[in-house]
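Chemist: Dropping a structure here in structure tokens format, bear with me for questions.
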Amino acid sequence: MKERTLQDAIVQFRKNIDDSDYANLGAKGKYLTVPYRIKFVRDFFGERMSIQTDSTELANGSHKFKANIYIDDKLVSVGESKQMKNADKEFEKQQTVSIGRGLSILGFFGDELATAEEMEQFLKPKEVAKPKPIVKLVPKAKVNIEEL
């Protein structure tokens with residue numbers, strides 16, 4: 001029996017994507033979720049595939065995540081993400097982002113390389129910062145600079 005290759009997996013993955021597999025972000029587009037992609041690669045490769053994640057705490061209390069994806073004990077892809085805020089479930093979301101990025105780089109993606117949350121944030125209208133008023137400093141007393 002022929003061993004199932006990464007190329008075979010990517011071809012089958014692309015062939016089997018149906019419109020109903022995408023998470024719909026409304027006017028913002030469509031996105032294949034990370035759980036959908038993990039399920040496919042786990043079903044296809046079984047125990048031949050493993051994903052190992054690691055997080056490093058940064059000086060500001062946020063974390064950097066790295067997901068290593070292995071097939072037959074060979075490192076085939078790495079995905080990274082960075083936690084930018086300390087919100088509820090943000091740690092778990094960013095860990096998932098790193099896995100999704102690794103799978104995308106490996107070839108398991110729909111029409112995107114970013115996560116659904118990243119796409120939503122990217123497509124949100126940006127708030128334009130209002131310019132701060134210029135404050136002109138006026139000395140209270142006349143000073144002769146040369147005398148100083």
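Chemist: Could you work out Rg/(2.2 N^0.38 Å) for region 11-113, with Rg from alpha carbons only?
Modeler: So the Cα radius of gyration is 1.13 times the expected 2.2 N^0.38 Å.
Chemist: Run the dipole for region 1-100 about the Cα centre, Lys and Arg Cβ at +1, Asp and Glu Cβ at -1, nothing else charged, and hand back the magnitude in debye, nearest 20.
Modeler: That gives region 1-100 a dipole magnitude of about 260 debye.
Chemist: Ignoring any ligand, DNA or RNA, what whole percent of the accessible area of region 3-111 comes from carbon and sulfur when the probe is 1.4 angstrom?
Modeler: Roughly 48 percent, rounded to a whole number.
Chemist: Which of the chymotrypsin sites (Phe, Trp or Tyr not before Pro) found in region 76-113 are in a DSSP loop and have at most 16 neighbouring Cβ atoms, other than their own, within 10 Å?
Modeler: Of the chymotrypsin sites (Phe, Trp or Tyr not before Pro), not one in the loops of region 76-113 has a Cβ with at most 16 other Cβ atoms within 10 Å.
Chemist: Oh, and also: What ranking, highest mean first, results for peptides 6-12, 32-38 when packing means the other Cβ atoms within 10 Å averaged over each residue? Working shown, then result.
Modeler: Details: 6-12: 14.3, 32-38: 18.3.
Final packing ranking: 32-38, 6-12.
The values are calculated or read from the model by the stated rules, or taken from the named source; none is laboratory data. Nothing here was measured: the structure is a model prediction, and the numbers come from that model. A quick note on method: Cβ atoms are made from the backbone with ideal geometry, for glycine too, and the neighbour counts reach across all protein chains shown. Accessible surface is based on the protein model in full, side chains and every heavy atom, while ligands, DNA and RNA are left aside. Shrake-Rupley method; radii C 1.70, N 1.55, O 1.52, S 1.80 Å.
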